[in-house]
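Right, one structure below, let's go through it.
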Amino acid sequence: MEKLCLEVQDLTKHYDASEFSLDHLNFKVPYGSVMGLIGENGAGKTTTLKLILNLMRRDAGTIKLFGLDNIRDEGAIKQQIGVVFDENHFHELFSPADIAKILRSLYQKWDDNLFQQYLRRFQLPADKPIKTYSRGMKVKLSIASALAHHPKLLLLDEPTSGLDPVVRDEILSIFFDFIQDEEHTILMSSHITGDLEKIADYVTFLHQGRLVFSGVKDDLLDSHGIVKCNASERKRIDPKWIVKQRTGPFGCEILVNNKAAVRHLYPELLVDNASLEEIMLFHVKGEK
Ligand SMILES: Nc1ncnc2c1ncn2[C@@H]1O[C@H](COP(=O)(O)OP(=O)(O)OP(=O)(O)O)[C@@H](O)[C@H]1O
């Protein structure tokens, strides 16, 4: 049986103020893997990450990290996690040297040499205040800070959003390097599904606070397909294969959950592969 780095069971959280509920969420992340958390704006990704970090109180459910309870063993767990959230959490007047001073006192395994290595690799000036940094530099600094205490798990909330393709690619390669150690694991939320297609082994897909799918990314991509057809062809397709459909001026597009079966049963229909982005769009915008 695969060893689990993270196990989320029946996680539930309701916000009275916005009527949003994260509804009995279940997913598992094995050691040595990259899990992508996807979903539309407001689907509940950040809420999930905050609950994992015990930054807010859950209503129900359990969260285990490294086999430990995320509330009872919070102190020990946090020593082993590196966090990169979308916004910069450090004071704009701080330099990387100031940040190192603070983090050194927080993390038992803080490694100044490693931090300096990352600063050099990312070409970040150690003595300049963060306010002089570009967005890409700020993200790289967050990543350097998250990695310099030798975490086993990286929790990343939209780490590549707002960055150009070159910087995104550099950042993905840092994550690739990190994951080479089979004890290392990444849980990463992202809107940029192309990045997750490159790096993720597993995908957890949320829609309006509910789980749509959690499993092996390639299984999701291998099983799903898009059929482009007209209304009469659409009627012939057994509804059990149909996930959602979208109707436009040029006919109907159908997301099917078993493209091999559909290709076999309806050889006259054209069944295209579906990307993660298309699968997400059908779920969010399509009709049943
Ligand atoms: N502290 C809060 N109080 C009330 N409602 C909240 C709070 N935080 C988030 N929400 C609501 O909960 C829902 C889920 O928010 P969340 O930030 O988890 O989504 P997300 O999937 O991370 O979205 P995005 O991709 O836009 O970051 C949203 O409708 C949001 O308005």
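The values are calculated or read from the model by the stated rules, or taken from the named source; none is laboratory data. A quick note: this is a predicted structure, and the numbers were derived from the prediction, not measured. Here Cβ is always computed from backbone atoms with ideal geometry, including for glycine, and neighbour counts include all displayed protein chains.
Based on this model, can you work out whether residue 103 counts as in contact with a helix residue (DSSP H, G or I) (Cβ under 7 Å, 6 or more places away or on another chain) and under 20 Å from residue 185 (Cβ atoms)?
Working: in contact with a helix residue (DSSP H, G or I) (Cβ under 7 Å, 6 or more places away or on another chain): yes; under 20 Å from residue 185 (Cβ atoms): no.
Considered against the rule, which asks whether it is in contact with a helix residue (DSSP H, G or I) (Cβ under 7 Å, 6 or more places away or on another chain) and under 20 Å from residue 185 (Cβ atoms), residue 103 comes out as no.
Each residue in region 67-97 was checked for being away from the ligand (no atom under 16 Å from the Cβ), of a type in the set (Val, Ile, Thr) and in a strand (DSSP E or B), and 1 of them qualify. The set of residues from region 248-262 being touching a strand residue (DSSP E or B) at 6+ places or on another chain (Cβ under 6 Å) and hydrophobic (A, V, I, L, M, F, W, C) comprises 252, 254, 255, 256, 262. Looking only at region 210-265, filter to residues that are over 14 Å from residue 281 (Cα atoms) and of a type in the set (Val, Ile, Thr); which one of those is modelled with the lowest pLDDT? Taking the candidates together, the pick is 237.
Scanning region 141-164 for residues that are modelled with pLDDT of 90 or more and more than 16 Å from the chain's Cα centre (by Cα) yields 141, 142, 144, 145, 146, 147, 148, 149, 150, 151, 152. If you go through region 39-57 and pick out every residue that is touching a Phe, Trp or Tyr at 6+ places or on another chain (Cβ under 7 Å) and more than 9 Å from the ligand (Cβ to nearest atom), you end up with 0.
Can you tell me which residues in region 33-62 are among the hydrophobic types (A, V, I, L, M, F, W, C) and farther than 20 Å from residue 203 by Cα?
Keep residues of region 33-62 that are among the hydrophobic types (A, V, I, L, M, F, W, C), which gives 34-35, 37-38, 43, 49, 51-53, 55-56, 60.
Within region 33-62, 55, 56, 60 meet the criteria.
The helices (runs of 4 or more DSSP H) found wholly in region 179-277 and carrying at least 2 residues that are among the acidic types (Asp, Glu) occupy 193-199, 217-223.
Against the numbered list (1) surrounded by fewer than 21 Cβ atoms within 10 Å (Cβ to Cβ); (2) modelled with pLDDT under 95, residue 196 comes up short only at (1). If you go through region 17-32 and keep only what is closer than 13 Å to residue 204 by Cα and either within 16 Å of the ligand (Cβ to nearest atom) or at pLDDT below 95 (or both), you end up with 25, 27.
Only one entry of 50, 78, 13, 64 meets the criterion of being without any contact (Cβ under 8 Å) to a residue 12 or more places away in the chain and either in the same structural domain as residue 141 (by TED's automatic domain parsing) or β-branched (Val, Ile, Thr) (or both), and that entry is 50.
Given the structure, is residue 68 out of contact with any Leu (no Cβ under 8 Å at 6 or more places or on another chain), modelled with pLDDT of 95 or more and surrounded by 14 or more Cβ atoms within 10 Å (Cβ to Cβ)?
Details: out of contact with any Leu (no Cβ under 8 Å at 6 or more places or on another chain): yes; modelled with pLDDT of 95 or more: yes; surrounded by 14 or more Cβ atoms within 10 Å (Cβ to Cβ): yes.
Yes.
Looking only at residues in region 1-10 that are of a type in the set (A, V, I, L, M) and in contact (Cβ under 8 Å) with a residue 12 or more places away in the chain, the one that is nearest to the ligand (Cβ to nearest atom) is 8. Selection over region 30-62 of residues that are β-branched (Val, Ile, Thr), surrounded by 16 or more Cβ atoms within 10 Å (Cβ to Cβ) and over 24 Å from residue 281 (Cα atoms) gives a count of 1.
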